[in-house]
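The values are calculated or read from the model by the stated rules, or taken from the named source; none is laboratory data. Remember, predicted model here, so these are calculated numbers, not experimental data. A quick note on method: Cβ atoms are made from the backbone with ideal geometry, for glycine too, and the neighbour counts reach across all protein chains shown.
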Amino acid sequence: MDISTQDAPVPPPTTQTAEQKRAARGATRPGDRIFLGLSRGSGILLLVIMAAIAVFLTYRAALAISEDEANFLTAFEWEANADPPKFGIAVLAYGTVISSIIAMVIAVPISVGIALFITHYAPRRLGGPISYVIDLLAAVPSIVYGLWGALVLVPHMDGLFGWLDSYFGWTGIFDWQGGPARSLFTVGILLAIMILPIVTNVSREVFRQAPQMHQEAALALGATRWEVIRMSVLPFGRSGVISASMLGLGRALGETMAVATVLSPSFLIETSLLDPGGGTFAQNIASKFGEATETGRNALIASGLVLFVITLLVNGAARAIIARRKEYSGANA
């Protein structure tokens, strides 16, 4: 007998976890390889499309800015068809940001309240119809909202504007001189109505995923329904509400036809939000593109580039906020 062979240590048997076995089998399956290639290709295609859009906007914007006789970032005028052309985005940036902020301030609290009511307060026979109505609001075209805003909302804003002027006119922000209600504040209210279904639907689905065991444990410890929502549901859904808000903000920033129908455009920055006038990027592009010259179209594309950058920055900030609050992302639920 060979003693060296008999005394040689026997290597321990290799063990694989269930996930490793599934991964090994999946690596050899044609369907998995095809799906991996398609998903990876889709991601790369999306990045290529975004890069192509950025390159196109940057190139056309550079052509326009090189001919601009004014300061593109600070000028309060838009004469892109003139010779020499003069145009700036100060008023457009102000109007876009202010109207979107007004919309978010109004829509987000109401949307979160509706979502909580549907998921934790309303009986099923009442929550179902409310959810259906909210879904229908999301399907209404923008031009319909614009027509409703111009024909119904604007004529009935005098009472609200008068009340704001009476109690808050001393701030200067809500000073009203009795003009038509075609102002940034009216646009903000209209945008709030338009983004409310988006924020509500996403928040509703997030709140429905809140761990039921956490809620039952809180109730067992004597917590009230509001305490359960405050300590269990809202922390779990915080990142989802932020994502829903960013989706709504994206629509508010880029809304075109509804704003163009309601707003009385001008290239002046009014101190009061109730005074008619102002403008947004999307509204300015829609109203001036048809009559624009080559330089004018490049100038409008340059303003579109600014809106593109603002949207990227907003979404990047939202992702950073969510990444910093991973404990509320629901991954450990």
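Here are some notes:
- Applying the set (1) under 24 Å from ALA252 (Cα atoms); (2) among the β-branched types (Val, Ile, Thr); (3) in contact (Cβ under 8 Å) with a residue 40 or more places away in the chain to ILE65 leaves exactly one unmet item: (1).
- Neighbours by Cβ (under 9 Å, 6+ apart or cross-chain): first from region 250-267, in contact (Cβ under 8 Å) with a residue 40 or more places away in the chain and farther than 16 Å from ILE193 by Cα; second outside any helix (DSSP H, G or I) and of a type in the set (A, V, I, L, M, F, W, C): PHE267/ALA75; PHE267/PHE76; PHE267/TRP78
- Residue in region 197-216 that is of a type outside the set (Lys, Arg) and under 20 Å from GLY278 (Cβ atoms) present: no
- Total residues in region 89-133, condition surrounded by 16 or more Cβ atoms within 10 Å (Cβ to Cβ), more than 15 Å from ALA252 (Cβ to Cβ), in contact with a helix residue (DSSP H, G or I) (Cβ under 8 Å, 6 or more places away or on another chain) and among the hydrophobic types (A, V, I, L, M, F, W, C): 7
- Selected residue (criterion: surrounded by the fewest Cβ atoms within 10 Å (Cβ to Cβ)) from residues of region 246-291 that are out of contact with any Asp or Glu (no Cβ under 6 Å at 6 or more places or on another chain), more than 19 Å from PRO141 (Cβ to Cβ) and among the polar types (S, T, N, Q): THR271
- Single residue of SER287, SER243 found to be under 30 Å from HIS214 (Cα atoms) and either assigned to a strand (DSSP E or B) or touching a helix residue (DSSP H, G or I) at 6+ places or on another chain (Cβ under 7 Å) (or both): SER243
- Hits in region 56-103 (condition: of a type in the set (D, E, K, R), under 20 Å from GLY277 (Cβ atoms) and in contact with a Lys or Arg (Cβ under 9 Å, 6 or more places away or on another chain)): GLU77, GLU79
- Yes/no for ALA61 being in contact with a Leu (Cβ under 8 Å, 6 or more places away or on another chain), farther than 30 Å from ILE198 by Cα, among the aliphatic types (A, V, I, L, M) and at pLDDT 90 or above: yes
- Qualifying residue in region 295-310 (condition: within 25 Å of the chain's Cα centre (by Cα), among the small types (Gly, Ala, Ser) and farther than 19 Å from PHE56 by Cβ): no
- Filtering region 36-78 to residues that are of a type in the set (A, V, I, L, M), over 23 Å from THR293 (Cβ atoms) and more than 27 Å from the chain's Cα centre (by Cα) leaves LEU36, LEU38.
- Residue satisfying all of: in region 191-215; of a type in the set (S, T, N, Q) and more than 30 Å from GLN283 (Cα to Cα); surrounded by the most Cβ atoms within 10 Å (Cβ to Cβ) among these: GLN215
- Among the residues of region 223-235, those identified as assigned to a helix (DSSP H, G or I) and either of a type in the set (A, V, I, L, M) or closer than 23 Å to GLY128 by Cα (or both) are ARG225, TRP226, VAL228, ILE229, MET231, VAL233, LEU234.
- Just so you know, in region 216-245 the residues that are of a type in the set (A, V, I, L, M) and buried (at least 22 other Cβ atoms within 10 Å of the Cβ) include one that is farthest from LEU184 (Cα to Cα), and it is VAL233.
- Candidates ALA138, ALA107, ALA103: the one that is under 21 Å from the mean Cα position of the chain (by Cα), touching a residue at least 12 places away in the same chain (Cβ under 8 Å) and under 30 Å from GLU227 (Cβ atoms) is ALA107.
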